Amino acid sequence: IRCWSNIPFITMPLSRAHGKSFAHRSELKHAKRIVVKLGSAVVTRGDECGLALGRLASIVEQVSMLQNQGREMMIVTSGAVAFGKQRLRHEILLSQSVRQALHSGQSQLKDMAIPVLEARACAAAGQSGLMALYEAMFTQYSICAAQILVTNLDFHDEQKRRNLNGTLHELLRMNIVPIINTNDAVVPPPEPNSDLQGVNVISVKDNDSLAARLAVEMKTDLLIVLSDVEGLFDSPPGSDDAKLIDIFYPGDQQSVTFGTKSRVGMGGMEAKVKAALWALQGGTSVVIANGTHPKISGHVITDIVEGKKVGTFFSEVKPAGPTVEQQGEMARAGGRTLAALQPEQRAEIICRLADLLTDQREEILLANKKDLEEAENKGRLALPLLKRLSLSTSKLNSLAIGLRQIAASSQDSVGRVIRRTRIAKDLDLEQVTVPIGVLLVIFESRPDCLPQVSALAIASGNGLLLKGGKEAAHSNQILHHLTQEALSIHGVKDAVQLVNTREEVEDLCRLDKLIDLIIPRGSSQLVRNIQKAAKGIPVMGHSEGICHVYVDTDASVEKVTRIIRDSKCEYPAACNALETLLIHRDLLRTPLFDQIIDMLRVEQVKIHAGPKFASYLTFSPSEVKSLRTEYGDLECCIEVVDSVQEAVEHIHKYGSSHTDVIITENEKTAEFFLQHVDSACVFWNASTRFSDGYRFGLGAEVGISTSRIHARGPVGIEGLLTTKWLLRGDNHVVSDFSEHGSMKYLHESLPLPQRNTN
């Protein structure tokens, strides 16, 4: 027997066998039977008199949605006292005004005082109204609700417990939502409390224990406890160092400092945690979350059931490794140490990683073979993605060469002075390059991305969180191990972290206090999802790679087929592969046009006709569904334009600002194209495939950015740096530069230090 607040708890109810709670948030979507506990602060208004109707309606809507999905929902609610208080205050004011009007005249009305209201009377007056409100709201969703009032004594009598259990099961069987509350009208007198002004509050912390009891008694899968705080913090919310605890494990109570309770109610967070742990022991998963925040209360319950990272999740299964929050903090600390190293030391780490890629290639290729076999057996990857997933000896050798290029070019990347200004005598200002902070790189089916991005992060002194696709789990694991082995030579192993937990990408995108920049590497759908999910964190990347090649009337016959073949066929799954071929109208039915078509047929490229191209043909290929399509395979669209100007307009309308090419021998036409196409990369007589960090001499890239802020095109070391200002003075104050001050601004540009070009 345990006793919390003088309420005896039987460690395990007699009718409940020891169950097993969900180990991970992602499993919550399988919850069938759910209890939602609404705390006083959630149900009541800010003035503590009456109910928060909008908030309550939103909660009812979410519960109804889940009920209509086939789940069994139960609600444990507070609010009767507050609702009754509102009604009784109205009655008292009305009766007092009538009496005083009869005996004392209207002049005395302003002196009326409302007496202290007895809480049991408030509960009696409020219960019927509260239930009527719930019934009216649930009726809007064609759902029936039923009220059950209980007291502590109902759980101590075995027969009453069985009756309660049977009633609840019968209601659930009939698709009725039980609404349970403590019968505050008949409970023993409470101790005086001033939380609700004018009311001696009935101890509503019983509702925390009531919800836990019911959850275990009914073998519930999930208990959602809604309060007025985001969840459980390691210290009182609002304190400087308070951090929200994402997952709470039994035995972690010692790491938590409990503060005061909520605005209303008697439970407080400590009582909620005790009740949650008791329910967890009984086999019920628990989440404590905020039900009052206007931005999330409208979907907090459904978000929890969908497994999203909301509130504090109670779990009995402690992961072997650190949480993603801990990994973010480790990456932050490791990145700062990395940035403080000498450039030669960072370069040494990268060169060591390059050596490991070739020295350990057999182990790497063996791990990659496991990934390929699993992907092929499950049949979950298309052929282009399988090609991206595959590693080879030549790929590893190319990676090693690229990494050594990064090491050689990174000597003066961090701490480079890019501007010097003499503000005044003995007051000099410098602008220097510094790391951005912590990068989150999310990539699909590209294990070769891991060492590339790691090397760029190391060279730029950034901490790094990596989230790879599960299809490349074995490859990513060994490549990350080798990366940390290389980092260990200078004691900065923690600077690069691989996220192996079941974190959803959407949840990672919400860690705005841990992550400074998100870089997605993958499909256009992945990039769009991340751009949509990111809250307060910049996203650098491109959502699509719709690259064009325009063949002008003055194009060289020898160059055209070579450039088109390379752009489309060399690696069709790449984001810099040709997707739309624009042909000048005058080239139709010419030998050059026939050569282009014959080459594409030989290479087995499926052709889709644009609307104008189709109009010129009697029997045309399949007409394109959209001119804004990234095929990522041996397919392309052919469209006809009347001029270079029309080609530019087509690219601006249907392109993705990635890479676009003109093939022509006319320099004037080429320069017009180069100057007017507004894309990250614009080429003349060169394949689209040159749009790559390695081919640009950057060593590698974290991605290709089509945004217009900070970095554009293939992003290497420079794109992972920002700046800070250093001001060196000698007892300078702004008042000395006032109209009658003793100093004057000089603002002289000073020469920059000599760069290391070796």
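We did not get these values from a lab; they are worked out from the coordinates using the rules stated. No experiment lies behind these values; they were computed from the predicted model shown. Using ideal geometry, Cβ is built from the backbone for each residue, glycine included, and neighbour counts are taken over all protein chains shown.
What to note about this one:
- Cα extents of region 548-701 along the three principal axes, largest first (Å): 48, 33, 30
- Charges were assigned to the Cβ only: +1 to each Lys and Arg, -1 to each Asp and Glu. The resulting dipole of the chain about its Cα centre is roughly 1600 debye.
- Here the Debye sum runs over all C-alpha atoms of the chain as equal scatterers in vacuum, and log10 of I(q)/I(0) at q = 0.11 Å⁻¹ comes out as -1.14.
- Estimated FRET transfer efficiency when R0 is 30 angstrom, pair residue 625-residue 649 (beta carbons, to 0.05): 0.90
- Simple spin-label estimate for residue 345 and residue 53 in nanometres, 7 Å along Cα-Cβ: 6.6
- Inter-label distance, nm, simple model (7 Å from Cα along the C-beta direction), residue 733/residue 398: 6.3
- Backbone N under 16 Å from the residue 362 label point (7 Å along Cα→Cβ), restricted to region 388-419: 393
- Normalising the average separation of contacting C-alpha pairs (under 8 angstrom, six or more residues apart) by the number of residues puts the relative contact order of region 344-410 at 59 percent.
- Cross-link partners of residue 653 among lysines, defined as those whose alpha carbon lies under 17 angstrom from its own and excluding same-chain residues fewer than eight positions apart: 612, 625.
- Of all DSSP-defined beta bridges confined to the chain, some 30% are antiparallel rather than parallel.
- Magnitude of the charge dipole, region 324-533, Cβ model with Lys/Arg +1 and Asp/Glu -1, debye to 20: 560
- Whole-number percent relative contact order across region 620-745, with pairs defined as alpha carbons under 8 Å at least 6 apart: 15
- Inter-probe distance in nm under a simple model that places probes 7 Å from Cα toward Cβ, at residue 121 and residue 243: 5.1
- Here residue 219 is the anchor, and the lysines within straight C-alpha reach of less than 30 Å, apart from those fewer than 8 places off in the same chain, are 20, 29, 32, 37, 160, 205, 261, 272, 274, 308, 309, 318.
- The chain: relative contact order as a whole-number percent, Cα under 8 Å and 6+ apart: 11
- Radius 10 Å from Cβ of residue 235, net charge of other residues (Lys, Arg +1; Asp, Glu -1): -2
- Of the DSSP H helices in the chain, those whose Cα atoms cover at least 27 Å axially and whose Kyte score averages 0.5 or more: 119-139
- One decimal place: the segment residue 570-residue 418 gains 50.8 nm when fully extended, by the rule 0.36 nm per residue minus the C-alpha distance.
- Lysine pairs with alpha-carbon atoms under 16 Å apart, region 324-533, spacing 8 or more or separate chains: 11
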